[in-house]
């Protein structure tokens, strides 16, 4: 048994994950490990052919397609989006007029990013979605703050459609999948259901595990994270982005300069759960002083981690199909692989326990387009209770998705890092973020899960 398989088996036993596929690329060699089943209702062993939804890692596919179009002279990443989608309308006309293609890719557009409505399965799904964007609020000034933005990536997919004169799926196949030989990366349920594929699951507090439905994301979400693949195709994606811009058969897909530029900071987000900076969709950080390039994803009961260490030619991917324990497993697999292969250890920040009066400025109510977050104090930390808004609950119910009650999680402020926190226990352990202060010094927002939630009550 390989060391990777042994480590994975131990983690699966520890966390009770339904199914998982892992791949590691090190010194040019590929290593794989698989465990569990595709579904508790119709179980098949997870193997090298099993397709998982890899969620928001798909944003890097959209970005790569746009960079390729830029090299072809068909897109200017610094040009206004209206150059390609002139019909774009937003509540904030200035943002609609000035937002650039690059700002779609680095999450700095500033509008509410979690517009989740299903626009149907037709070829006009992205067109309808962009029309619907006229109703969403501008939360922060254009270009000022990184706040994770699925809507921006759907709009980026529409840019690709307009430039290529075809659907996003056909364009991405032509620009990315076919040149790279990614023959096990798919968009549509009709393609996926004829192959071995994983379904999402939810692990409940009593230990029972149920299938998470619906399986598919709305088509309008595809550029933001609606693809599925097996572990080999995901590791092939890692190999490409660790390389010089050529495919495995030597075909030039991107210049090395453009590929490396995608991994350079375009916006700072130090202290965020997402990392220290954003490149062109890639999320950038450091572990042990070594740069990492990453982008995982989450769908309904499926979770993926995808991390590169370019200077070491190293990549690791992990895809699981049960939450929240699948997400924990992915993170632990990545940590194991970094330490085992590279000797890199992600040192945990030092959490504090503070008095209620010291925590008072951080308490109150904060909101995003999708959720309300109530912050109170508990055991020297800040208790964050996240509840979806009624409008979001209605959308989820319409799509057939359950909305379980989520227990609060505890944010511990960090020693020597003012206004920064870490979740130091529970399912979200290790998640980082920060509180933002207004010009008058009061806390006016919290960066939670990579998204900016603004205060809607009077600060303490």
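Some notes on this structure:
- Simple label model, 7 Å out from Cα along Cβ direction - residue 128 to residue 93, nm: 2.9
- Centre separation in Å (Cα based) which lies between segment 271-296 and segment 15-47: 25
- Relative frequency of Cα-Cα separations exceeding 40 Å in the chain, percent: 14
- Distance between segment 325-355 and segment 158-200 - C-alpha centres, whole angstrom: 33
- Cα-based Rg of segment 356-455 normalised by 2.2 N^0.38 Å, two decimals: 1.12
- When DSSP beta bridges are restricted to pairs lying wholly in the chain, around 100% turn out antiparallel.
- Label-to-label distance, nm, for residues given as residue 74 and residue 258 (7 Å Cα→Cβ offset): 1.0
- Segment 233-342 - percent relative contact order, Cα under 8 Å, separation 6 or more: 16
- Residue order, fewest to most beta carbons within 10 Å, for 114, 206: 206, 114
- If the chain linking residue 291 and residue 311 were pulled fully straight, counting 0.36 nm for each residue of separation and taking away their Cα-Cα distance, it would gain 6.4 nm.
- The residue 144 and residue 209 beta-carbon pair, evaluated with R₀ = 45 Å, returns a calculated FRET efficiency of approximately 0.60.
- Relative contact order, percent, the chain [alpha-carbon distance under 8 Å, six or more residues apart]: 18
- Footprinting exposure proxy for 322, 420 (fewest neighbouring C-beta atoms within 10 Å first): 420, 322
- Our estimate of slack between residue 82 and residue 427, defined as 0.36 nm per intervening residue step minus the Cα-Cα distance, is 120.1 nm.
- Linear extension gain, residue 114 paired with residue 3, 0.36 nm per residue minus alpha-carbon span: 36.0 nm
- As a proxy for reagent exposure, ranking 292, 145, 131 by other Cβ atoms within 10 Å from fewest up yields 131, 145, 292.
- Residue 456/residue 27 FRET efficiency (R0 41 Å; Cβ-Cβ; nearest 0.05): 0.20
- Dividing the summed helix terms, -39500 (n - 2.57) for each DSSP H run of n ≥ 4, by the number of residues in the chain produces a 222 nm estimate of -7000 deg cm²/dmol to the nearest 500.
- Between residue 365 and residue 196, the modelled label-to-label distance comes to 5.1 nm, taking each label 7 Å out from Cα in the direction of the beta carbon.
- Paramagnetic reach from residue 268 (point 7 Å along Cα→Cβ, amide N under 11 Å) across segment 279-311: none
Values in this text are rule-based calculations from the coordinates and carry no lab data. Note that the structure is a prediction, hence the values are computed from the model and not measured. Reconstructed Cβ throughout: ideal geometry from the backbone, glycine too, with neighbour counts over all protein chains shown.
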